[in-house]
Amino acid sequence: MLSALREAEGPATAGWVQERLGGDLAYTTVITILTRLLDKGAVTRERSGRSFAWTPASDQAGLAARKMRKVLDAESDREAVLASFVTGLGPDDERLLRELLGDSRDDGEA
C-alpha cells in the first residue's frame, strides 16, 4: 500500500491505490488499511471533494526510523537497548553511526 502511494506524483485517492494494487482488494479494505496506516502515522490525508487524498508521511528511511523509535520507546531501559543495538552493528554501520553523531554534534555547536 505504501509503495503504491510512493509511486504517485502527489496525494492519491483510495481508488487510485486500489487500481495500482491490481484491484484484488475491495475499496473498503483499501480504506481500512489506509486508515490504520494513518493511525500509525505512516500516511497523511487531506480532504479531496467528498473523499480523501492520501500521502506517505515519510520515505522508507523515515518509516524505518519511526519503527525503531517506537520499539525504543516501548522499553524501560533505553540505555541497555541502545547499547545492545550499537554493539550488534557491523564495522561499516558503526563507522557510519559515529560519523552521523559527529556531524550532529558539529551542527549543534555552530
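Remarks
- Cα-based helix-to-principal-axis angle, 27-39 vs the chain, degrees rounded to 10: 30 degrees
- Amide H contacts for Val43 (H built 1.01 Å from N in the peptide plane; partners 5 or more residues away or on another chain; cut-off under 5 Å): Leu38, Ala57.
- Helix 91-109 axis versus longest C-alpha principal axis of the chain: approximately 90°, rounded to the nearest ten.
- Relative contact order computed over the chain (Cα-Cα under 8 Å; 6+ residues apart), in percent: 19 percent
- Relative to the current alpha-carbon distance between Thr87 and Glu99, full extension at 0.36 nm per residue lengthens the span by 2.7 nm.
- Helix 60-74 vs. the chain, principal-axis angle (Cα, 0 to 90°, nearest 10): 70 degrees
- Rg/Rg_globular for the chain, with Rg_globular taken as 2.2 N^0.38 Å and Rg from C-alpha atoms: 1.43
Since every read-out is calculated from the coordinates, none of them should be taken as a lab result. Owing to the predicted nature of the structure, the values given are computational and were not obtained by experimental measurement.
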